[in-house]
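Please treat every number below as a calculation from the coordinates, not as lab data. What you see is a predicted model, and the numbers here were worked out from it, not measured in a lab.
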Amino acid sequence: IWAQGIHTAENSQHASVGCRGGCVKNRVFTQEFVVQVQTEDCVLLFVVAWTITEIIRYSFYTFSLLNHLPYLIKWARYTLFIVLYPMGVSGELLTIYAALPFVRQSGLYSISLPNKYNFSFDYYTFLILVMISYIPIFPQLYFHMLHQRRKVLSHTEEHKKSE
């Protein structure tokens, strides 16, 4: 996960720091709950989606570094997200939702008043806000990826026709 941020910073991944940072944040964030909700089917959704995505992503990077990128790997990188991304996001959201009762009951990461800092934080409410934030963010990232797909794969198709 952290390698994604490093690769983006050194420009070996063609994604913005904000886009990549959001992906890393969601993965770290969602993993916090796995212990409490590991028997839920929703965990399987995002684990399978993330696993397949990472296999494709790092195969793509490896073959690109070797200057021998098979079309199938490129196609998989820019096509399978159409199913895997909604699957992963659904798994993340359902996992957070499944963890809400545990978070509320345990007070996980919550800070209540009074305390010496005169500050309070309700993690349960924060999680609900995070879930709501997926509404405007998911479509932006998804359509950005569709645009990238169209750009990269249409360029590949034009290149194949000219040969």
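Quick look at the numbers
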item	result
Contour excess over end-to-end distance, with Cα ends at Lys151 and Ser110 and 0.36 nm allotted per residue	10.3 nm
With eigenvalues of the C-alpha gyration tensor scaled by 5 and rooted, the stretch 41-163, Å	41, 15, 13
